[in-house]
């Protein structure tokens, strides 16, 4: 445990950020899993909706600084190419 006042504050803010990051990353994994399930099911409309949701989730995560913007772009590109190749 920290003894210095600023370190105590920092520990509290780190815990808050960690909780937010964990929540956002969980959302990303869920969105990606839903898209993979839709691709496997072969439903084009559901796949497109899931792709839009996943892209939006990655953009929001990058905006919050949870993941790097380049990583978000890379993931979106790879997911889109998987959707296009499954058609």
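Mean residue ellipticity at 222 nm, helices only, the chain: -31000 deg cm²/dmol; runs of at least 4 DSSP H residues each add -39,500 (n - 2.57), and the sum is divided by the number of residues. When 49, 4, 67 are arranged by Cβ crowding within 10 Å, least crowded first, meaning fewest neighbours, the order is 4, 49, 67.
For P(r) over Cα pairs in 5 Å bins from 0, in percent, the value calculated from this model appears in [x] 2, 12, 17, 18, 20, 17, 9, 4, 1, 0; [y] 3, 15, 27, 27, 17, 6, 3, 2, 1, 0; [z] 2, 15, 20, 17, 13, 10, 7, 5, 4, 3, 2, 1 under label [z].
Axis of helix 44-64 versus longest Cα principal axis of the chain: the two differ by about 20°, to the nearest ten degrees. Taking the C-alpha atoms only, the angle from helix 69-86 to the longest principal axis of the chain is near 20 degrees.
Computed from the coordinates by the stated procedures, all read-outs in this text should not be read as laboratory data. Note that the structure is a prediction, hence the values are computed from the model and not measured. Every residue, glycine among them, receives a Cβ derived from its backbone with ideal geometry; neighbour counts consider all protein chains shown.
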